[in-house]
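> Dropping a structure here in structure tokens format, bear with me for questions.
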Amino acid sequence: MHASSVRLAPSTHGTGDHGFVPHLISLAREKGVAAYIGDGLNRWPGVHRLDAARLYRLALEQGVESGPYHAVDEEGVTFKEITEVIGRRLGVPVVSKSPEQAAEHFGWFARFAAMDIPTSSALTKSALGWMPEQPGLLADIDQPGYFGG
């Protein structure tokens, strides 16, 4: 019997997403601004859920005893870029918050909003021949489905 693990990107996006980006959209609606912390250049890796599902299948089918595998298409999309799409789609200002203001604005999510966590999937791609094919994070969230339309 083999065991391996697949580490999902913090933003695993696609139809039916109930994760971080929908939370940011909800916050922007509630607060009237789409916010990032500081310069907003902290990075979040992303992967489409269908690409992640294919990676799980490859890990099972190939029976490779290694890992963890990183389900990451984009190594790091800046938080500011994510909030710019949200702000444009909702028609709200995009603003920077200081680290002190972040706790009030983001609440429990402030720690996540500040993380800079670029991640590479080069070894995963090499080991399993996995190549993401679905839209990237920004292209995917720039669709009406993410905004209730």
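> Quick check for you: with a 1.4 Å probe and neighbouring chains kept, what is the accessible area per residue of segment 50-143, in Å²?
In whole numbers, segment 50-143 has 53 Å² accessible per residue.
> Next question, about the same structure. I need the P(r) histogram for segment 8-149: all alpha carbon pairs, bin width 5 Å from 0 out to the longest distance, whole percents.
Spelled out bin by bin, segment 8-149 gives 2, 11, 20, 21, 17, 12, 8, 6, 3, 1 percent.
> Sort Ile141, Ile37 by heavy-atom solvent-accessible area, probe 1.4 angstrom, most to least.
Accessible-area ranking of Ile141, Ile37, largest first: Ile37, Ile141.
> Also, quick follow-up: What FRET efficiency do you get for Glu61 and Leu41 if R0 is 25 Å and r is their Cβ-Cβ distance, rounded to the nearest 0.05?
Working from the Cβ atoms, E equals 0.05.
> What's the FRET efficiency of Ala110 with Glu133 using the Cβ-Cβ distance as r and R₀ = 35 Å, to the nearest 0.05?
Efficiency for this residue pair is about 0.55.
> Then there is this: Summing -39500 (n - 2.57) over the DSSP H runs of n ≥ 4 in the chain and dividing by its residue number, what mean residue ellipticity at 222 nm do you reach, to the nearest 500 deg cm²/dmol?
-12000 deg cm²/dmol
> If each residue of separation counts as 0.36 nm, what is the full-extension length gain between Glu100 and Leu123 once their alpha-carbon separation is subtracted?
Length difference between fully extended and current span is 4.5 nm.
> In the chain, what percent of the accessible surface is made up of carbon and sulfur (1.4 Å probe, ligands and nucleic acids excluded)?
Carbon and sulfur: 54 percent of the exposed surface of the chain.
The values are calculated or read from the model by the stated rules, or taken from the named source; none is laboratory data. Just so we're clear, the structure is a prediction, and the values are computed from it rather than from any experiment. When we count neighbours, we look across all protein chains shown, and the Cβ atoms used for this are built from the backbone with ideal geometry, even at glycine. Surface accessibility is based on the protein's heavy atoms, side chains included, excluding ligands, DNA and RNA. Shrake-Rupley method; radii C 1.70, N 1.55, O 1.52, S 1.80 Å.
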